[in-house]
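Peer 1: I'd like to ask some things about the structure below.
The values are calculated or read from the model by the stated rules, or taken from the named source; none is laboratory data. Values in this document were obtained by computation on a predicted structure and should not be read as measured data. When we count neighbours, we look across all protein chains shown, and the Cβ atoms used for this are built from the backbone with ideal geometry, even at glycine. All accessible areas refer to the heavy atoms of the entire protein, side chains included, with ligands and DNA or RNA removed. Shrake-Rupley method; radii C 1.70, N 1.55, O 1.52, S 1.80 Å.
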Amino acid sequence: MKPAAALPASKMNDSKFRLLMREIWKNRMVYTLVLPGLVWLILFAYLPMGGLSLAFKDFKANLGIWGSPWVGFENFKYVFRDPAFANAVWRTLVINIGKLIIQFPFPIILALLINELRMTRYKKALQTVFTFPNFLSWIVVSGVVINVLSYDGLVNSLIKLLGGTGINFLGSEKLFVPMLYLADIWKSAGWGAIIFLAAISGIDTDQYEAAQIDGATRLQQIFKVTIPNILPTITIMFILSVGGLMSSGFDQIFNMANAATKNVSEVLDVYIYRITFQSATDFSFSTAVSLFRSIVNMILLLLADRAAKLMGGDGLFR
């Protein structure tokens, strides 16, 4: 039997295009809902990427981004020669690794505790109370922290009332980082717990019933049923956290830091802000630092994803 002649490439492409258009038209309502988000993503996430070319240019305001001359990797040479840059990178890693170790478990623990409550009314009330701080800006939260921990604030007033000596919480380099952790836990733990509570709500109740029949206590059910079932969610959140190790939460540190804590508070985000707005303006230099930070974050994200897969877990990328 004579084999059928192969279709020309142009006809094959035309056929694929028609199938694609037919599929889009079939699901036109879904694509209509997606369209606003897609337009926003293109306008505010992808088009601004053209500005990253500043990292390889000597920016001149009168020439604009595209007219400024190319200088290659000169800006990166200046970045890596700056001792303040190396110190900022080190502080950023130290603070964020500490956050990963200390803060990351708190939303998981909080979700497990709320889930164990049997009174639905109190469960919802507590969830609202713990989630509310997330909706406060860091300006408000920092104002509360500063008023409470200032030398004549609530905590020091109680210490003095009990016969102790006031502590300079806000001006202590040793206390600054723990203060960051505590404030961030208070603000974000409740919001993070929502994700894990959603994962817990999807666990099949038959597993708990089987565990109860086998005589498992509530604590054993947490370790044998709940945690293994939410482990994929924990893994994904951990990978995302590792992918942000070079971003320290500028809002929090900028609002809580002061001149006395400058040596421990100038992380990479604050360093970028300082060289951009508080010294001789050099947008090319600051863009090079930002690009370096983004590349390192992407590498850490990919490494964390790969490590999760090697350990038998689920990653972000297939």
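Peer 1: Put ASP214, ASP251, ASP82, ASP305 in order of accessible area, largest first, 1.4 Å probe: what do you get?
Peer 2: ASP214, ASP251, ASP82, ASP305
Peer 1: I'd like the Karplus ³J(HN,Hα) series for region 207-217: coefficients 6.51, -1.76, 1.60, θ = phi - 60°, whole numbers in Hz, and an x wherever there's a Gly or Pro.
Peer 2: 5, 5, 5, 5, 5, 5, 4, 6, x, 6, 6
Peer 1: Residue by residue through region 301-307, which ³J(HN,Hα) values in whole Hz follow from phi under the Karplus form 6.51 cos²θ - 1.76 cosθ + 1.60 (θ = phi - 60°), with glycine and proline marked x?
Peer 2: Here the 3J(HN,Hα) series is 4, 5, 5, 5, 4, 5, 5 Hz.
Peer 1: Which of the residue pairs LYS57/LYS262; LYS99/LYS187; LYS160/LYS187 have a Cα-Cα distance greater than 24 Å in the structure shown? Intermediate results must be reported in sequence, preceding the final value.
Peer 2: Numbers: LYS57/LYS262 31 Å; LYS99/LYS187 13 Å; LYS160/LYS187 28 Å.
From LYS57/LYS262; LYS99/LYS187; LYS160/LYS187, over 24 Å: LYS57/LYS262; LYS160/LYS187.
Peer 1: Placing unit charges on C-beta atoms (Lys and Arg positive, Asp and Glu negative, everything else neutral), compute the dipole magnitude of the chain about its Cα centre in debye, rounded to 20. Write out the running numbers ahead of the final one.
Peer 2: Numbers: 28 positive and 19 negative charges, 165 e Å.
Dipole of the chain, to the nearest 20 debye: 800 debye.
Peer 1: How high is the FRET efficiency between LEU113 and GLU74 when r is their beta carbon distance and R₀ equals 41 Å, given to the nearest 0.05? Intermediate values should be presented prior to the final figure.
Peer 2: Working: r = 54 Å, r/R0 = 1.31.
The calculated FRET efficiency here is 0.15.
Peer 1: Then there's this: Ignoring ligands, DNA and RNA, please state the percent of accessible area on the chain from carbon and sulfur, probe 1.4 Å. List each step's numbers first, then the result.
Peer 2: Details: 13900 of 20380 Å².
On the chain, the fraction of accessible area on carbon and sulfur atoms equals 68 percent.
Peer 1: Once a ≥ b ≥ c are taken as the square roots of the eigenvalues of the Cα gyration tensor of region 10-145, is the result rounded (a/c under 1.5), prolate (a/b larger than b/c) or oblate (a/b not larger than b/c)? Intermediate values should be presented prior to the final figure.
Peer 2: On the way: a/c = 2.55, a/b = 1.13, b/c = 2.26.
Judged from the Cα gyration tensor, region 10-145 comes out oblate (a/c at least 1.5, b/c at or above a/b).
Peer 1: Rank ALA55, LEU117, ILE101 by how far each Cα sits towards the positive end of the charge dipole of region 1-147 (+1 on Lys, Arg Cβ; -1 on Asp, Glu Cβ) and give me just the farthest.
Peer 2: LEU117
Peer 1: So with the 1.4 Å probe, I'd like the accessible area per residue for the chain, rounded to whole Å².
Peer 2: Working: 20380 Å² over 318 residues.
With all protein chains present, the chain gives 64 Å² per residue.
Peer 1: For TRP90, TRP138, give the ranking by accessible area with the largest first, probe 1.4 Å. Before the final figure, lay out each step's value.
Peer 2: Values: TRP90 170, TRP138 40 Å².
Putting TRP90, TRP138 in descending order of accessible area: TRP90, TRP138.
Peer 1: Straight-line reach only, C-alpha to C-alpha below 18 angstrom: list the aspartates and glutamates that LYS224 could link to, leaving out same-chain residues fewer than 8 apart.
Peer 2: Cross-link targets: GLU116, ASP204, ASP206, GLU209, ASP214.
Peer 1: Still on this structure, please answer the following. Scan around LYS57 for amide H atoms under 5 Å from its own, H built in the peptide plane at 1.01 Å from N, and keep only partners 5 or more places away or cross-chain.
Peer 2: Amide H to amide H, under 5 Å and 5 or more residues apart or across chains, LYS57 pairs with VAL71.
Peer 1: Give me a comma-separated list of calculated 3J(HN,Hα) values for region 132-146, in order, Karplus coefficients 6.51, -1.76, 1.60 applied at θ = phi - 60°, integers in Hz, x for any Gly or Pro.
Peer 2: With the stated coefficients, region 132-146 comes to 3, x, 4, 8, 8, 6, 5, 5, 5, 4, 5, x, 5, 4, 5 Hz.
Peer 1: With each label point set 7 Å from Cα along the Cα-Cβ vector, what nm distance links GLN278 and ILE42?
Peer 2: For the pair GLN278/ILE42, the computed spacing is 4.0 nm.
Peer 1: Would you indicate which of (i) 31; (ii) 44; (iii) 24 is the value of percent of Cα pairs over 35 Å apart derived from the coordinates of this structure?
Peer 2: (ii)
Peer 1: Between PHE104 and ALA216, what is the spin-label point distance in nm, taking each point 7 Å from the Cα along the Cα→C-beta axis?
Peer 2: Roughly 2.4 nm, to one decimal.
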